[in-house]
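The values are calculated or read from the model by the stated rules, or taken from the named source; none is laboratory data. Everything numeric here is computed off the predicted structure, so don't read it as measured data. Note: ideal-geometry Cβ built from the backbone for every residue, glycine included; neighbour counts use all protein chains shown.
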4 protein chains.
Amino acid sequence: MHAVGVDIGGTKIAAGVVDEDGELLESTIRPTSAQEPELIEEAVADAVAELRQRYVIGAVGVAAAGFVDPGRCIVRFAPNIAWREHPLGEILAQRLGLPVVVENDANAAGWAEFRFGAAQEVADMAMLTVGTGLGGAIVVDGQLLRGAAGAGGEVGHMRVVPNGRACGCGHDGCWETYASGTALVRETKAALTIEPERAERLLAIAGKAKKVTGPHVTQAAQEGDPLSIQMLADLGRWLGAGMAALSAVLDPAVYVIGGGVGAAGDLLLGPAREELDAQLFARGHRELPEIRLATLGNDAGIVGAADLARLPR
Amino acid sequence: MHAVGVDIGGTKIAAGVVDEDGELLESTIRPTSAQEPELIEEAVADAVAELRQRYVIGAVGVAAAGFVDPGRCIVRFAPNIAWREHPLGEILAQRLGLPVVVENDANAAGWAEFRFGAAQEVADMAMLTVGTGLGGAIVVDGQLLRGAAGAGGEVGHMRVVPNGRACGCGHDGCWETYASGTALVRETKAALTIEPERAERLLAIAGKAKKVTGPHVTQAAQEGDPLSIQMLADLGRWLGAGMAALSAVLDPAVYVIGGGVGAAGDLLLGPAREELDAQLFARGHRELPEIRLATLGNDAGIVGAADLARLPR
Amino acid sequence: MHAVGVDIGGTKIAAGVVDEDGELLESTIRPTSAQEPELIEEAVADAVAELRQRYVIGAVGVAAAGFVDPGRCIVRFAPNIAWREHPLGEILAQRLGLPVVVENDANAAGWAEFRFGAAQEVADMAMLTVGTGLGGAIVVDGQLLRGAAGAGGEVGHMRVVPNGRACGCGHDGCWETYASGTALVRETKAALTIEPERAERLLAIAGKAKKVTGPHVTQAAQEGDPLSIQMLADLGRWLGAGMAALSAVLDPAVYVIGGGVGAAGDLLLGPAREELDAQLFARGHRELPEIRLATLGNDAGIVGAADLARLPR
Amino acid sequence: MHAVGVDIGGTKIAAGVVDEDGELLESTIRPTSAQEPELIEEAVADAVAELRQRYVIGAVGVAAAGFVDPGRCIVRFAPNIAWREHPLGEILAQRLGLPVVVENDANAAGWAEFRFGAAQEVADMAMLTVGTGLGGAIVVDGQLLRGAAGAGGEVGHMRVVPNGRACGCGHDGCWETYASGTALVRETKAALTIEPERAERLLAIAGKAKKVTGPHVTQAAQEGDPLSIQMLADLGRWLGAGMAALSAVLDPAVYVIGGGVGAAGDLLLGPAREELDAQLFARGHRELPEIRLATLGNDAGIVGAADLARLPR
């Protein structure tokens, strides 16, 4: 059965036809209007209709940031769109005349990597999407972990430092305040106020300290910039430290790292690996979890959502 | 089908017949000899044989401290007994002529509470056994979380304070160094060196600082001892803080608290509840997890192991 | 001998005549122009000239934010004015034909409290000025601690939490990120995103969360607002914790608390006192340091600078 | 004037004649009996009498672990000897017919390094003695910092990690639980349980993990043992981090490192230097403090106590 996956992001809606092998056969894009939720549904319906002109579609999966209820229908809360206890799945199902499943976007992407990407052959995995925040998806014995109320897998908000850095969620010390693209940029800017002499290459690339981005840090590090190398290593170590905590709880066989930081390669993954090993509980008596880069890139949300829509419920 | 559950502890082996409703029909006890593993198998076989004289037994479940392989047969590592990659399940199965399942003891106890005890009606729960260490068992969507290599659910070794208290596992800052009976006693003794004047009742009960035990602290707290009340509250808050971290990852509906500290009641659970609420991610947009005391007491390991032995694999 | 004290702030210059008993006899004010340092010198000269019309002045003391060299003449670095290795004392001395001493503003205020204010009768004290940041001044055996390069007493930048909150100085975990008016407001705003229902009074006073100020929190706390009370108590505990660390190093007899937070009274000082006592090293074998509120208010900088100008060098 | 310095340690009393240039002209030793304080006074008197046979002595300085009152006469509290508010100075003065000054042993050693050792030419310094604990001595503008009640300079008990490692003083997270010989050995033993394969050289030297000592770690590190190198570097970084905190408060020109760890040389001092620089407040606008090894070795206590006895009071 072919299914359509829809990824509702902050600036655009991407929809695509996905076959049972996880291949994305065709896709289309619509702009998002976060202020007017009904326009989002309009745009999703329009995109699906376009794809149905050329494919027979059996189900639709929708990925969106936020908490989704255990029935995979209601968006309980979305950080960027004015949805509160919003029956998105039902509305779309009625509109489209097709079964619709809604899933958290990080979960959808993780599911795609589990089914068709970097962690296909294992039963227990966790995906960490390092971006603005730190998104998570957890697969336990082949099943996506959703939690009692659909709020599971929010690993970025696991506290790793009591009284630590301030998080946008209102709490302190959340993992994502140490292990995210946002954290990388903020810490690099802070370090630039202290040690600009160690970051000549970075400053040349970015123009000035205020304009530094994550890709700038990665490029500069690859060109040997000492401060940038240190900043990526710090990020890597925080990723590794959090993974060690997760391994005590979940013991996954594989961690899949998604998001743009994958471009940093071993400059990031080396320190992550070392810290994970160093902090891992009882590491002499277990297999070490693997760390792998995600393979599906930006399509993961579409592919995962489509595949979840095909699952029996 | 009746099954026998066997709980192999540090000083004794307890075995019992458990029916399909989780009732413990009859039990028997043998002393443990940690130094001679083959004597343990002897004793288990003997206890099961005794119980089979009066019951028809279809399967045997064994609970033991340590890591058990995903096939639930091999003890990969035990902290207290000289088992390393030891095929305990196979040895016992051959000896008894019955199917045998081996499970980590905290997992077995948690499974019992999930199936027949404090968390029967939910699908997602976590049990925390507060004793010498902090044991954990996690149920995700009705399945016991075991992890890729059988090392899941070791929540006591999730790091909650970087560079924190020294743990017996060789790492620093593990949750159980803050939230266990051992931590309670150690912190209380430290506090007694600083503020003995706030613990007159406790010192009267214990005789002297060196002899303080967890039950002493609980009793003194219940009798109004200010220091003991503070110590239980500190323990409760660390429990709550770790639960909040777990909720970000797992989102269970219920936390079941086992171990002797339950006797402290609200002196412990009140602060735990407050800290969990205060630290919970996105608490305005989700159900708050419940905290409940375990109901099965010391039989939980036997009952859970027996029940797991009946499950299809 | 009468001396003039000059306090160069971010928005205004205040100058006053101070007698040998620390009495401020007359004062005058000029606006500050941070962008044009020479205008500052002009304004200081003008203000001093005005005061000399009515008083015989023997020396001038200038208080300014920043590092001042051991010779008390050169401003090595100022956070708000473009002074770098600037011989402010010499320039003013030439211009005025009077001996001029320059001192860090927190040091000047602390010296005033030591000589004429809250800590007159002791030889060892520390003043903590809780404002935008956390300023410090230390008196050891009757002498103002300046440090080898004039950078002593910057207690707000003592790290109290590794990997803690981000500080404007580029480092993490500085004391002032936990114990300052800025920290109070930021933490209160974060708490308001989580628990607005506990701060109805505060929200009524401030209008909305974004507009909350330190005085709002103090007022709401005094009117019983639960969240505001908690926030002041948190601030107090961080003050106390840092004081305990300072006591291990300095063992002062008195801590003087300056800045607007004094208005919070025991809502702040109670928790500070408790935490200081709880964390104090070897408290059973020493005198407990006292905590007192500053008594000289905004005049402290003028009074202290003037008095320092009279000291033999 | 010649003075006698007496260093009362846990196992022996060492006394020596010190001239005005800090030269130790002759010394003698007596065993200590911690249980019988009066025997200590007996032994001190005996040792001084022996030295007076060949030298004209004008004063006696006594160094001992513990708090000494501001008058430098009364031992308020000693950790190893049963002195509580004990007028040691007066008793000895009467017995000897000489002026006697008592000082904390770390203070005495620091004073010796300031006057005749590694930090002779500066006015502001701090000495850190890395041994069983972390002892401190602070000199501010040429004066020994004693504190209001004689409890200053106890830098080892400055908290550097909230909820950190348990300290013998009853508190958590004291600097000395991270930066002392005891911490080095304990952390190394913990690491050996996790990564023995990285410490083959260390294990060969020590025989087995349980027998590891600080000198073993230093020797193994110097012979290239990876774990030992890491352990010394960790110790060094904690020293550096604490020094950065101290610099915010005290701004000394020089840190003098005493105790056996000096043997580790750059394996320790390199990481200490790096961390101090990395954490130093406003390091672009100040001189960096120097780190130097102590030069007076075990005689520092005797020399410093003798010299303090000569100072006018």
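For D:Gly136, are the conditions met, namely being in contact with a Gly (Cβ under 6 Å, 6 or more places away or on another chain), facing chain C (nearest Cβ under 10 Å) and assigned to a loop (DSSP other than H, G, I, E, B)? No, not satisfied. For the condition surrounded by 24 or more Cβ atoms within 10 Å (Cβ to Cβ) and over 26 Å from B:Ala183 (Cα atoms), D:Gly156 does not qualify. One residue stands out in region A:172-188 among those that are in contact with a Phe, Trp or Tyr (Cβ under 8 Å, 6 or more places away or on another chain) and in a helix (DSSP H, G or I): the one that is surrounded by the fewest Cβ atoms within 10 Å (Cβ to Cβ), namely A:Ala183.
Pairing each residue of region A:226-252 that is touching a residue at least 24 places away in the same chain (Cβ under 8 Å) and within 8 Å of chain B (Cβ to nearest Cβ) with any residue that is in a helix (DSSP H, G or I) and of a type in the set (D, E, K, R), provided the two are 6+ apart or on different chains, yields C-beta distances under 6 Å for A:Ala241/A:Glu275. Each residue in region B:211-238 was checked for being part of a helix (DSSP H, G or I) and more than 26 Å from the chain's Cα centre (by Cα), and 2 of them qualify. A:Leu288 satisfies every condition listed in (1) surrounded by 16 or more Cβ atoms within 10 Å (Cβ to Cβ); (2) within 12 Å of chain B (Cβ to nearest Cβ); (3) of a type outside the set (Lys, Arg) except (1). The number of residues in region B:233-254 being under 19 Å from B:Thr295 (Cβ atoms), surrounded by fewer than 24 Cβ atoms within 10 Å (Cβ to Cβ) and of a type outside the set (Val, Ile, Thr) comes to 1.
Just one residue in the set D:Val48, D:Val101, D:Val75, D:Val56 is assigned by TED's automatic domain parsing to the domain that holds D:Lys12 and within 30 Å of B:Thr193 (Cα to Cα); that residue is D:Val75. Only residues that are at pLDDT below 95, touching a Phe, Trp or Tyr at 6+ places or on another chain (Cβ under 9 Å) and among the small types (Gly, Ala, Ser) were counted across region C:260-305, and they come to 2. Residues that are modelled with pLDDT of 95 or more and closer than 25 Å to B:Leu280 by Cα occur at least once in region C:211-218.
Screening B:Phe114 against (1) buried (at least 23 other Cβ atoms within 10 Å of the Cβ); (2) more than 7 Å from chain A (Cβ to nearest Cβ); (3) in contact with a Phe, Trp or Tyr (Cβ under 9 Å, 6 or more places away or on another chain); (4) not acidic (Asp, Glu) leaves a single unmet condition, (3). Kindly check whether there is at least one residue in region D:281-294 that is in contact (Cβ under 8 Å) with a residue 24 or more places away in the chain and assigned to a helix (DSSP H, G or I). Scanning region D:281-294 turns up no residue that is in contact (Cβ under 8 Å) with a residue 24 or more places away in the chain and assigned to a helix (DSSP H, G or I). Taking each residue of region B:133-158 that is under 30 Å from B:Val185 (Cβ atoms) and looking for partners that are charged (D, E, K, R) and not in a loop (DSSP other than H, G, I, E, B) with beta-carbon atoms closer than 6 Å, six or more apart or interchain, yields B:Gly133/B:Glu176; B:Leu134/B:Glu176; B:Gly156/B:Glu176.
Pairs linking a residue in region C:189-208 that is away from chain A (no Cβ under 14 Å) and assigned to a helix (DSSP H, G or I) to a residue that is surrounded by 14 or more Cβ atoms within 10 Å (Cβ to Cβ) and of a type in the set (Val, Ile, Thr), with Cβ atoms under 8 Å and 6 or more positions apart or on different chains, are C:Leu202/C:Thr188; C:Leu202/C:Val212; C:Leu202/C:Val217; C:Ala206/C:Val212; C:Ala206/C:Thr213. Candidates are the residues of region C:124-133 that are part of a loop (DSSP other than H, G, I, E, B) and more than 7 Å from chain D (Cβ to nearest Cβ); the one that is nearest to D:Gly142 (Cα to Cα) is C:Gly133. The residues of region A:145-171 that are at the interface with chain B (Cβ under 10 Å from one of its Cβ atoms), outside any loop (DSSP other than H, G, I, E, B) and over 14 Å from the mean Cα position of the chain (by Cα), listed by number, are A:Arg159, A:Gly164.
Anything in region D:235-258 that is in contact with a helix residue (DSSP H, G or I) (Cβ under 7 Å, 6 or more places away or on another chain) and within 19 Å of D:Glu187 (Cα to Cα)? List them, or say none. Within region D:235-258, D:Leu235, D:Gly236, D:Arg237, D:Leu239, D:Gly240, D:Ala241, D:Gly242 meet the criteria. The single residue among A:Thr193, A:Thr132 that is under 14 Å from the mean Cα position of the chain (by Cα), surrounded by fewer than 24 Cβ atoms within 10 Å (Cβ to Cβ) and over 16 Å from A:Gly240 (Cα atoms) turns out to be A:Thr132. The single condition among (1) touching a residue at least 60 places away in the same chain (Cβ under 8 Å); (2) assigned to a loop (DSSP other than H, G, I, E, B) that B:Ala82 does not meet is (1). Report yes if C:Gly236 is at pLDDT 95 or above, more than 27 Å from A:Thr182 (Cα to Cα) and among the small types (Gly, Ala, Ser), otherwise no. So C:Gly236 fits the description; yes. Being in contact with a Leu (Cβ under 8 Å, 6 or more places away or on another chain), assigned to a helix (DSSP H, G or I), under 26 Å from B:Val185 (Cβ atoms) and in contact (Cβ under 8 Å) with a residue 24 or more places away in the chain is true of B:Leu268. Suppose we filter region D:40-70 for residues that are in contact (Cβ under 8 Å) with a residue 60 or more places away in the chain and of a type outside the set (Gly, Ala, Ser); how many remain? Summing the residues that are in contact (Cβ under 8 Å) with a residue 60 or more places away in the chain and of a type outside the set (Gly, Ala, Ser) in region D:40-70 gives 6. The single residue among D:Glu41, D:Glu36, D:Glu23 that is modelled with pLDDT under 90 and acidic (Asp, Glu) turns out to be D:Glu36. Looking only at region B:172-188, residues that are in contact (Cβ under 8 Å) with a residue 60 or more places away in the chain and either more than 30 Å from A:Asp277 (Cβ to Cβ) or more than 11 Å from every other protein chain (Cβ to nearest Cβ) (or both) come to 3 in all. Residues in region D:85-111 that are away from chain C (no Cβ under 13 Å) and part of a strand (DSSP E or B): D:Val100, D:Val101, D:Val102, D:Glu103.
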